[in-house]
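Structure, as structure tokens:
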Amino acid sequence: MARDLGELNREEYARYKEDVKKEGKGFFPFAMWHDTLMSLVVVSVIVGLAIVWYYDADGVKPGLLGPWYTEPADPGTTDFIPRPDWFFYFLFYLLRIFEWPETVFIATVGIPTICLILLLGLPFYDRRRERRPLHRPVAMVAAVLTILSMGVLTYKGATAEEALGSELVLLVPEWAEEQGFTGNEEATLGAELFAQSGCLNCHIYLGSGAGNLGAPDLSEIGQTNDAEYFVRYLANPAAFGNSVMGSYSYLGEENLQALGVFLEASKGPQDE
């Protein structure tokens, strides 16, 4: 008796599954079709979001996805705190952990580069055909740890608090008392300029500041040099081998002198 069509289909399907188990699926047409379909979905979502953003917003008036553009930046502000886009928060926070110059290279180049190389080499050193997550404990543990670490660092970078210059000026009397320059008007003026000029976006002073880019703690910097040295340094940091810090010569000679006197007076908290 002739076998029915359903039985023939089941046998054919069984042979197909056996072949896949032995030889895997070819890139064409299986993976190519999946990539094409997913690319179409992604592009469609991006186009859809762009259409919603364009018709929902009006100039600086925000819509569901934000405004077309924002107000022009004020180049003279002293209250702006530079922060990266959200997808770089994990790297941003790494720079708060590692300090310049001994270890900042690890955070900016070392760790990201090693992770990228491991990711690019994955198809070459992991050639197993097993795809079920429960049968790949090493890969799954590595993936989970990577996601958790980047998630935690992103959260910490997003919620890191940094005081504005106008708020930091309120700390100047406390700095003066701890450092012992309460009666020194020029040092006090320099401390106010220090708080307002964005120095603590990178540096730390008596526990305040961001500590970004590996910038050193300046709480005891006055033990190393005098005011004239600091004035020259602030006017042209590149001449002293510092290619990260910008010049503060735009503040003028009088303000630079006040900053130099303040830094010279910063010898660490004075014993009572």
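The values are calculated or read from the model by the stated rules, or taken from the named source; none is laboratory data. All figures in this text were calculated on a predicted structure; none of them were measured in a lab. When we count neighbours, we look across all protein chains shown, and the Cβ atoms used for this are built from the backbone with ideal geometry, even at glycine.
Need at least 3 residues that are modelled with pLDDT of 80 or more and under 27 Å from ALA158 (Cβ atoms) per element, so show me which helices (runs of 4 or more DSSP H) inside segment 1-107 make the cut, counting only ones lying wholly within it. So the answer is 32-56, 89-97.
Given the criteria small (Gly, Ala, Ser) and under 28 Å from the mean Cα position of the chain (by Cα), does ALA160 qualify? Answer is yes for this residue.
Considering segment 118-132, and only residues there that are modelled with pLDDT of 80 or more and either aromatic (Phe, Trp, Tyr) or surrounded by 10 or more Cβ atoms within 10 Å (Cβ to Cβ) (or both), the residue that is farthest from ALA215 (Cα to Cα) turns out to be PHE124.
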